[in-house]
């Protein structure tokens with residue numbers, strides 16, 4: 001090649017690169033840098049830590065790798081050292097980067113290799129024997145390799161760590177663990193400065209990404225000046241959309257017409273556009289849609305792509321699509337990120353994508369070139385909330401209103417895993433040194449030292465580490481735990497079979513199967529089923545006859561709809577209800593979709609008189625069922641669902657079946673109840689102090705099976721349970737909760753629940769507005785579901801399974817109440833020693849001494865204690881008490897304080913069978929709910945006492 005070739009050919013920031021690299025860039029099509037490359041390359045070459053934020057297709061990978069290659073070119077003659085580590089969250093991304101960049105690196109004398117879990121044993125051995133200059137890997141492979149001495153030696157001269165798709169990592173525990181692994185590598189194994197570069201899709205808060213992944217380091221944030229444009233519409237296919245040769249008649253009995261309409265529409269899109277990706281939210285849906293499209297377009301025109309498929313099959317599919325041999329791919333999030341699969345002309349999202357960031361990533365695959373507007377469509381179902389949600393998300397995508405990331409707060413299971421890895425590599429490491437290393441991570445900044453020590457204490461108890469003289473050593477389980485665990489917990493799916501017909505009717509996630517008992521009911525494929533049993537092949541069920549308002553279908557662990565999206569849906573309803581029907585014109589709805597929404601809302605207004613919205617909660621009442629329209633999003637409504645169900649169970653004495661969507665909560669009682677019950681409960685919750693509400697919420701969450709499942713997963717990740725163990729038996733979850741709920745793992749499970757599933761803060765804000773009158777509550781009793789409820793019932797997620805009690809516990813509580821009120825008690829004034837006797841039913845609510853009016857009154861049914869208390873009171877008044885007498889008096893005063901605080905209720909609690917002072921105090925706190933809740937708690941306290949006494953007698 002002639003001297004100087006390429007130096008004048010490349011432009012802009014490419015001119016700053018090493019001459020050898022500049023010379024070969026034109027050969028690979030790199031002449032003029034993209035905007036993000038022009039901004040980032042100079043900063044990286046100057047040695048800055050950098051976060052690059054730009055849409056898919058803007059050249060982020062080259063913006064990071066080219067300056068890194070340029071900087072290490074002088075070391076290309078040295079072998080045995082790794083200078084650049086490129087970390088990416090998905091294995092499939094590695095192949096893309098490898099294919100695009102290996103040839104370029106090789107042409108300038110640099111070796112680039114991929115190393116991850118899919119690498120063969122031969123590849124792994126060769127990698128360690130002759131490490132490349134540039135390594136591409138996953139977070140898990142990176143931190144597992146740190147335990148290999150040869151790898152630690154290889155990265156001793158490390159110059160760059162590039163982390164791709166950081167927005168994906170920061171939002172979950174994989175990011176927290178990676179941040180710890182990076183700090184551990186940089187602090188313990190690398191001699192010089194390591195430059196950190198992050199690559200991210202457009203995010204709402206890039207500063208948060210920087211703080212979490214890079215800690216306290218000063219990082220330059222580089223963003224594209226102009227956001228990528230997205231042309232996304234929402235369509236509602238009708239029967240007018242037909243396909244020549246559509247052969248779906250054999251499916252007609254099993255599919256809704258709505259599904260057939262969508263398949264016909266998508267087939268037309270594929271025929272018209274070609275090179276299409278159809279995204280679905282679940283693997284099961286992807287398989288179904290793929291099978292149906294093959295019926296229409298031919299077996300060889302369509303392929304399905306998701307994470308459950310083998311590596312070889314995915315590679316083959318991607319290559320065939322790249323060559324144009326496949327017209328369309330039906331995929332889940334496996335193709336959401338930047339895999340190079342060639343030109344994608346159009347993206348179809350099947351039903352709502354649930355989040356703006358998801359739609360941005362998915363539609364961003366279309367026209368994957370800088371400067372081109374991404375094009376796609378959301379194909380909605382004939383469900384009001386699916387159409388409105390899709391419309392809001394499409395509009396927010398065009399406006400750039402992304403959801404904020406919600407990183408986990410100091411996840412303790414990730415900490416356990418990384419501490420184990422560090423101790424394996426550094427036996428005898430000082431506790432203080434390790435604490436300082438951990439708190440350098442942005443995820444663990446401010447971690448309380450006592451909590452850190454509690455983690456170490458748990459690890460020692462579990463046999464993972466040993467603590468000796470302030471230093472840490474591997475325990476007997478350390479190696480097996482560390483190398484068999486990650487923060488990735490892939491859920492197994494179980495097929496569901498109808499024992500009557502023998503047909504497979506669908507799939508259920510392990511999370512849901514673990515919550516089922518024989519005899520319980522759930523909705524799947526549009527029907528109600530009763531669980532008959534479990535076996536190695538899956539779940540056996542039989543058809544069940546149930547009323548249409550059973551809290552309905554389980555759809556797996558769906559992507560949560562955030563509060564802002566739900567609130568905008570609510571604002572559409574409010575404006576439409578106020579007569580501003582033109583509000584629908586502000587959203588990218590097809591004519592058919594806009595007409596459907598308008599007609600549906602007008603019909604609901606005719607039947608209800610008004611619409612629910614962000615300033616009005618609507619409660620529809622149907623005898624034993626309540627549908628509560630409140631727009632807090634998936635997590636907010638889940639939190640409110642638990643609070644409502646828990647409060648009602650406390651005042652009614654029976655379990656409540658519940659479910660929620662982002663827009664409504666469904667509550668089903670085992671008996672008919674008054675219309676105003678839920679309205680009353682919401683108003684009572686609004687009156688509670690925040691601390692009381694929080695305590696109640698924690699108790700409600702801990703009673704849920706969702707919490708049990710999360711705790712089970714935390715226990716697996718933290719080494720308390722084998723990672724491979726399956727939780728299909730519900731009794732297993734109960735045992736795990738009983739053993740671990742009050743440990744640090746229980747604390748972590750609560751944190752994870754609130755991070756992934758709950759949002760108490762938006763519930764608190766709503767209740768404040770209810771209390772101030774800013775949000776109204778309206779209750780409507782109906783015989784038949786309103787148009788809104790018909791749609792809510794069809795899509796609700798049935799989260800928890802609760803066995804109904806045969807007889808309401810309130811009947812049992814009434815009997816206990818009568819027995820307690822009939823008892824005789826002795827009362828003693830601890831000020832003057834006066835003693836008197838009454839039946840409990842004769843006592844006033846406020847109890848005072850008849851002699852001196854003091855409220856410090858002790859109560860008992862035992863004459864000896866009454867005499868002792870009276871004598872001590874009089875003696876103390878005259879001459880004072882001895883040490884032993886003072887101790888007895890303190891015990892009496894503790895009881896008297898309860899009587900002073902709670903009056904007659906305290907007396908009733910204290911004279912119940914087997915109820916001591918501490919139990920009485922806990923039971924009395926139930927009065928915040930109602931008298932019924934208090935008496936129900938007394939029944940439970942007596943039952944526990946009898947159960948304990950029976951066990952002692954058996955011994």
Kindly establish whether residue 863 is in the same structural domain as residue 939 (by TED's automatic domain parsing) and in contact (Cβ under 8 Å) with a residue 12 or more places away in the chain. yes
Can you say whether residue 375 is in contact with a helix residue (DSSP H, G or I) (Cβ under 9 Å, 6 or more places away or on another chain) and either over 27 Å from residue 710 (Cβ atoms) or outside the structural domain of residue 479 (by TED's automatic domain parsing) (or both), as far as the supplied structure shows? yes
Going through the range 37-54 in order, the residues found to be buried (at least 23 other Cβ atoms within 10 Å of the Cβ) and out of contact with any strand residue (DSSP E or B) (no Cβ under 6 Å at 6 or more places or on another chain) are 37, 41, 54
Condition test on residue 679, is it surrounded by fewer than 24 Cβ atoms within 10 Å (Cβ to Cβ) and in contact with a strand residue (DSSP E or B) (Cβ under 6 Å, 6 or more places away or on another chain)? yes
Matching residues, the range 347-380, being at pLDDT 90 or above and out of contact with any strand residue (DSSP E or B) (no Cβ under 9 Å at 6 or more places or on another chain): 354, 355, 356
Residue ID - modelled with the highest pLDDT, chosen from residues in the range 218-244 that are part of a loop (DSSP other than H, G, I, E, B) and farther than 29 Å from residue 594 by Cα: 218
Flagged in the range 610-631 as more than 16 Å from residue 566 (Cβ to Cβ) and touching a residue at least 60 places away in the same chain (Cβ under 8 Å), in numbering order, are 610, 619, 620, 621, 622, 625
Please go through the range 734-753 and pick out each residue that is without any contact (Cβ under 8 Å) to a residue 60 or more places away in the chain and part of a helix (DSSP H, G or I). 734, 735, 736, 737, 738, 739, 740, 746, 749, 750, 753
What is the number of the single condition among (1) in a helix (DSSP H, G or I); (2) exposed (fewer than 15 other Cβ atoms within 10 Å of the Cβ); (3) modelled with pLDDT of 95 or more that residue 731 does not meet? (3)
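Conditions tested, residue by residue: (1) within 35 Å of the chain's Cα centre (by Cα); (2) under 17 Å from residue 823 (Cα atoms); (3) in a helix (DSSP H, G or I); (4) in contact (Cβ under 8 Å) with a residue 60 or more places away in the chain.
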residue	(1), (2), (3), (4)
899	no, yes, yes, no
914	no, yes, no, no
918	no, no, yes, no
923	yes, no, yes, no
926	yes, no, yes, yes
940	yes, no, yes, no
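Which one of these is modelled with pLDDT of 90 or more, in contact with a helix residue (DSSP H, G or I) (Cβ under 6 Å, 6 or more places away or on another chain) and surrounded by fewer than 17 Cβ atoms within 10 Å (Cβ to Cβ): 107, 70?
Exactly one residue qualifies, and that residue is 107.
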Please enumerate the residues belonging to the range 399-414 that are modelled with pLDDT under 90 and buried (at least 19 other Cβ atoms within 10 Å of the Cβ). 402, 403, 405
Mind checking which residues of the range 140-179 are touching a helix residue (DSSP H, G or I) at 6+ places or on another chain (Cβ under 6 Å) and over 21 Å from residue 83 (Cα atoms)? 169, 170, 173, 174, 175, 176, 177
For the range 648-706, how many residues are outside any loop (DSSP other than H, G, I, E, B) and either touching a residue at least 24 places away in the same chain (Cβ under 8 Å) or farther than 20 Å from residue 937 by Cα (or both)? 38
Only listed residue being in contact (Cβ under 8 Å) with a residue 40 or more places away in the chain, assigned to a strand (DSSP E or B) and under 27 Å from the mean Cα position of the chain (by Cα), chosen from 378, 360: 378
For residue 568, only one of the following conditions fails: (1) touching a helix residue (DSSP H, G or I) at 6+ places or on another chain (Cβ under 7 Å); (2) crowded, with 17+ Cβ neighbours inside 10 Å; (3) modelled with pLDDT under 70. What is its number? (3)
Of the residues that make up the range 893-913, is at least one surrounded by fewer than 16 Cβ atoms within 10 Å (Cβ to Cβ) and over 21 Å from residue 844 (Cα atoms)? yes
Just one of 562, 555 is under 29 Å from the mean Cα position of the chain (by Cα), under 22 Å from residue 792 (Cα atoms), modelled with pLDDT of 80 or more and outside the structural domain of residue 763 (by TED's automatic domain parsing); which is it? 562
Let me confirm something: among 407, 427, which residue is touching a residue at least 24 places away in the same chain (Cβ under 8 Å), touching a helix residue (DSSP H, G or I) at 6+ places or on another chain (Cβ under 8 Å) and in a loop (DSSP other than H, G, I, E, B)? 407
Residues that are touching a strand residue (DSSP E or B) at 6+ places or on another chain (Cβ under 9 Å) and modelled with pLDDT under 80: does the range 275-282 have at least one? yes
Quick test for you: out of 627, 666, pick the one residue that is assigned by TED's automatic domain parsing to the domain that holds residue 780, in contact with a helix residue (DSSP H, G or I) (Cβ under 6 Å, 6 or more places away or on another chain) and either surrounded by fewer than 24 Cβ atoms within 10 Å (Cβ to Cβ) or modelled with pLDDT under 95 (or both). 627
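The values are calculated or read from the model by the stated rules, or taken from the named source; none is laboratory data. On a predicted model such as this, the values are computed, not experimentally measured, just so you know. For neighbour counting, all protein chains shown are included, and Cβ atoms are generated from backbone atoms with ideal geometry for every residue, glycine included.
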